[in-house]
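Below is one structure, written out as structure tokens; the observations come after it.
A short reminder: the numbers here are calculations on the coordinates, not readings from a lab. In this text the structure is predicted, and so the values were computed from the model without any measurement. Counting neighbours? That spans all protein chains shown, and the Cβs are built from the backbone with ideal geometry, glycine included.
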Ligand code: NAD
């Protein structure tokens, strides 16, 4: 489905990362993948995985650093000239504040979290716009805590709300170039970022029990939905937040089992 499509995937930390689940599906469907990794420590974990999907372009990119995004554009321009898709599966907040009351969020953490988890999408979209092909697709990852209160998700909920609204504004800005921007709202997954939220296990169990399908989504299921957004199957879809959460978000009141 993705033969002749090339794209850059940000957010692989290990083989449990949502970005890895997506990269695998896209590669299995014929896409050529370049990987953006955060730093040297991550490189050691990402390098072996890159071989599994025949990815030969690995780009260091720390979203705290604008120069880093510009350098990644230069590398992709040199290697490929243009690209067809970007996967943005990156977020960060201080673990100590993914706990307790939102009201106690510090200004430093607020700004840093919004920069990495939200502004980076806008920054990537603007920086890569000149080399994105007609029919291109940008996909980010969000969570239900953006519009309903989830215990301990706190500041990350605010960042995801801003991220989801960014998706809408970006989709209009880039729509004239036929570049689409969407988000997948994934149910809770067992990843490093997921485990940083206090009582993540309880949330995982709760959504498993109370989702419409009575289970949580698997990594490959997030990947398959990403495949739809990156491929031409979704050519008329942009500005959307699409839930891949086994129907948890539609539940108004959990029924007793
Ligand atoms: P993960 O820990 O595997 O991935 C997070 C990635 O963010 C890592 O690769 C890390 O290197 C990267 N990152 C953090 N700070 C960065 C920076 N300054 N510069 C560049 N990269 C940086 O966790 P994940 O769960 O796969 O998270 C991927 C995305 O999915 C995040 O946006 C997360 O909020 C979202 N999400 C996760 C869940 C869940 O339950 N795990 C649910 C819905 C959405």
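Tabulated values for the structure
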| quantity | calculated |
| --- | --- |
| Contour excess over end-to-end distance, with Cα ends at residue 129 and residue 206 and 0.36 nm allotted per residue | 23.7 nm |
| Packing rank of 179-189, 94-104, where each peptide gets the mean count of other beta carbons within 10 Å, highest leading | 179-189, 94-104 |
| Computed label-point distance, nm, for sites residue 220 and residue 168 using a 7 Å Cα→Cβ extension | 3.6 nm |
| Inter-label distance for residue 190 and residue 236, nm, one decimal - labels placed 7 Å from Cα along Cα-to-Cβ | 4.1 nm |
| Gyration tensor verdict on region 1-74 (Cα atoms; rounded if a/c is under 1.5, prolate if a/b is larger than b/c, oblate otherwise) | oblate |
| Degrees separating the helix 40-52 axis from the principal Cα axis of the chain, which is the longest one | 70 degrees |
| 15 Å tail of the calculated P(r), region 104-192, as % of Cα pairs | 61 percent |
| For region 145-182 versus region 84-99, the gap between their alpha-carbon centres in whole angstrom | 12 Å |
| Region 46-82 versus region 196-257: alpha-carbon centroid distance in Å | 29 Å |
| Gain upon complete extension [residue 79, residue 107; 0.36 nm per residue less C-alpha separation] | 6.1 nm |
| Förster radius 30 Å - calculated FRET efficiency between residue 29 and residue 178 (Cβ-Cβ, nearest 0.05) | 0.90 |
| C-alpha long axis of helix 155-175 to longest principal axis of the chain, angle in ° | 40 degrees |
| Crossing angle, helix 200-210 versus the chain [Cα axis fit, 0-90 degrees, rounded to tens] | 80 degrees |
| Distance in nm between pseudo-label sites at residue 250 and residue 60 (7 Å out along the Cβ direction from Cα) | 4.7 nm |
| Value of Rg/Rh across the chain [Cα atoms, Kirkwood radius] | 0.95 |
